[in-house]
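The values are calculated or read from the model by the stated rules, or taken from the named source; none is laboratory data. Predicted, not measured: the structure shown is a model, and the values here were computed from it. A quick note on method: Cβ atoms are made from the backbone with ideal geometry, for glycine too, and the neighbour counts reach across all protein chains shown.
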Amino acid sequence: MSKNSNNDKLIIFDTTLRDGEQSPGASMTKDEKVRIAKALEKMRVDIIEAGFPIASQGDFESVQAVAKVIKNSTVCGLARALEKDINRAGEALKPAASSRIHTFIATSPIHMKMKLRMEPDQVLEQAVRSVKQACKFTDNVEFSPEDAGRSELDFLCRIIEAVIDAGATTINIPDTVGYNIPFQFGDLIKNLLERIPNAGKAIFSVHCHNDLGLAVGNSLSAVLNGARQVECTVNGLGERAGNASLEEVVMAVRTRQDVFSCDTTLDTTQIVTCSKMVSSITGFPVQPNKAIVGANAFAHESGIHQDGVLKSRETYEIMRAEDVGWSANRMVLGKHSGRNAFKTRMKELNIDFESEQELNDTFSRFKDLADKKHEIFDEDLQALVAETNWSAENEHFKLISLKVCSETGETPNASMVLDMGGNEVTASSDGSGPVDAVFRAIETVVNSETELQLYSVNAITSGTDAQGEVTVRLEKAGRIVSGQGADTDIVIASAKAYINALNKLVTGDEREHPQRGDV
């Protein structure tokens, strides 16, 4: 057994708002971070890493805003092992009901030599100094030896023992570059717990990246060997290949209680709703065959599978779809459905409205959609909420009307009317296709000087009358933004997505990470 006395509780540390945001194009506004933080709190996530306060004024304000509204989860801020970083994090976290400072410094030979240009003893001294500084702001301090997966074991033991003595209450072991293999990573955690004399005074945590597709496997191996906190993100979001997926870690532990001697206290019925919110805000679609939250996660096409499930669900399903937030309710909503039926269905989907105005705006969009579609699915309702929130942002540009002509043998043409800062302007252009013509027409009046990096279309539901959800990613001078739009007309959805991205550029919500190499 590990020296850790907290054997029955597995702490979930969500870093969607910090590490997840470091995915190119996943930058979030302050309001979007607050919305996701509230959803994480409703899911009963233990710790929410809200951002990197020293990174920019925008990130500082986002962490501060999350700290002000979250009451039932601990809010965490990341800080390098530098006094200015730690002071900035402490200031941002002042309003929090419960706060944590997470400080880190690299410990692998290659990082210490090539990046920090410091000797091991210097790194150890700085780590101890930073933990003591963080303790001036909170008694909940986490320390991470960055690139621990490639660090020397003897030095890891030395520095971890020293920072625990200095006041660190959580020790996080990151596989920063996703290099480890599950049995190897589990052995590392086991060895640290056995060799470090004061290991029992801290919770041991892991933060695994998915470069080899092993982030969840490494995390679970660590848990089996004594780790009692897992750092993860919704949908496995994160830079490069992403992080350990929250939903997969949580449901693996919950489903296999015959193997794990611990469990989380999460409300797993909130998982799907939270997944869809993160996907809509970041513009990163969830692949259909994604475990737990993918559209096909609980679908059965094989006749043998279908027959087995109909006779006994357990033949081919190891967990209930309802337990993670998928609904079996097939109540049909359409153009004759009233406001109360709409509100009731939204509540069943765990969707809450911040205000009566937001409810009214979403219901209005529902009525407009119901005129185009005979049957409204749950996925349509969730997309409506996302579209209401996209439109709630500061809209410098707004689509008034759009006409597109596309004919065999003829060059497609788009003409439109845009509202630009309160003034209506007309625009038109030819293009290689209808979507290209739309984007070119917008640029004739906007002249954004952006480069289109991604154009993605996903059908929200099945059928020819399905809404299409379009994601557009634009880059300008090193800044990347994503825009989303949804409509039964895919060309209109494309225009909405492009305009949504342009509006984000206009807001000037800068994101500068002084050390992109994360923990």
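Which residues, taken from the stretch 393-414, are of a type outside the set (A, V, I, L, M) and closer than 22 Å to residue 504 by Cβ? Spell out how you get there, then give the answer.
Here is the first cut: in the stretch 393-414, the residues of a type outside the set (A, V, I, L, M) are 393-398, 401, 403, 405-413.
Answer for the stretch 393-414, where residues must be of a type outside the set (A, V, I, L, M) and closer than 22 Å to residue 504 by Cβ: 393, 394, 395, 396, 397, 398.
Residue 396 satisfies every condition listed in (1) modelled with pLDDT under 80; (2) touching a helix residue (DSSP H, G or I) at 6+ places or on another chain (Cβ under 6 Å); (3) not hydrophobic (A, V, I, L, M, F, W, C) except (1).
Within the stretch 174-194, does at least one residue satisfy the condition of being of a type in the set (Lys, Arg) and crowded, with 16+ Cβ neighbours inside 10 Å? For the stretch 174-194, residues of a type in the set (Lys, Arg) and crowded, with 16+ Cβ neighbours inside 10 Å: present. Scanning the stretch 405-449 for residues that are in a strand (DSSP E or B), at pLDDT 95 or above and either within 14 Å of residue 496 (Cα to Cα) or among the small types (Gly, Ala, Ser) (or both) yields a total of 8.
This table checks each residue for (1) touching a helix residue (DSSP H, G or I) at 6+ places or on another chain (Cβ under 7 Å); (2) modelled with pLDDT under 95.
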residue: 10; (1), (2): yes, no
residue: 16; (1), (2): yes, no
residue: 31; (1), (2): no, yes
residue: 52; (1), (2): yes, no
residue: 56; (1), (2): no, yes
residue: 80; (1), (2): no, no
residue: 86; (1), (2): yes, no
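Could you tell me which of the residues 297, 252, 241, 291 is free of Cβ contacts under 8 Å to residues at least 60 places away in the same chain and assigned by TED's automatic domain parsing to the domain that holds residue 176?
Details: 297 fails: assigned by TED's automatic domain parsing to the domain that holds residue 176; 241 fails: free of Cβ contacts under 8 Å to residues at least 60 places away in the same chain; 291 fails: assigned by TED's automatic domain parsing to the domain that holds residue 176.
The match here is 252.
Counting only strands (runs of 3 or more DSSP E) wholly contained in the stretch 130-238, the ones carrying 3 or more residues that are within 18 Å of residue 248 (Cα to Cα) and in contact (Cβ under 8 Å) with a residue 24 or more places away in the chain occupy 203-208, 229-232.
Can you list the strands (runs of 3 or more DSSP E) lying wholly within the stretch 1-92 that have 1 or more residues being more than 19 Å from residue 264 (Cα to Cα)? Reasoning before the result, please.
Numbers: elements: 11-14, 47-51, 74-80.
In the stretch 1-92, 47-51, 74-80 are the strands (runs of 3 or more DSSP E) which contain 1 or more residues that are more than 19 Å from residue 264 (Cα to Cα).
Might you let me know whether the stretch 309-324 holds any residue that is at pLDDT 85 or above, in a helix (DSSP H, G or I), of a type in the set (S, T, N, Q) and in contact with a helix residue (DSSP H, G or I) (Cβ under 8 Å, 6 or more places away or on another chain)? Among the residues of the stretch 309-324, not one is at pLDDT 85 or above, in a helix (DSSP H, G or I), of a type in the set (S, T, N, Q) and in contact with a helix residue (DSSP H, G or I) (Cβ under 8 Å, 6 or more places away or on another chain), which makes the answer no.
Every condition in (1) closer than 19 Å to residue 40 by Cα; (2) in a loop (DSSP other than H, G, I, E, B) holds for residue 269 except the one numbered (2). Pairing each residue of the stretch 357-375 that is closer than 11 Å to residue 387 by Cβ with any residue that is assigned to a helix (DSSP H, G or I), provided the two are 6+ apart or on different chains, yields C-beta distances under 6 Å for 361/388; 362/384; 362/385; 362/388; 365/384; 366/342; 366/384. Which one is surrounded by the most Cβ atoms within 10 Å (Cβ to Cβ), of the residues in the stretch 431-450 that are in contact with a Lys or Arg (Cβ under 7 Å, 6 or more places away or on another chain) and not hydroxyl-bearing (Ser, Thr, Tyr)? The extreme case among them is 431.
I'm checking my understanding of the structure. Among residues of the stretch 93-129 that are of a type in the set (S, T, N, Q) and in a helix (DSSP H, G or I), which one is farthest from residue 50 (Cα to Cα)? Among them, the one singled out is 122.
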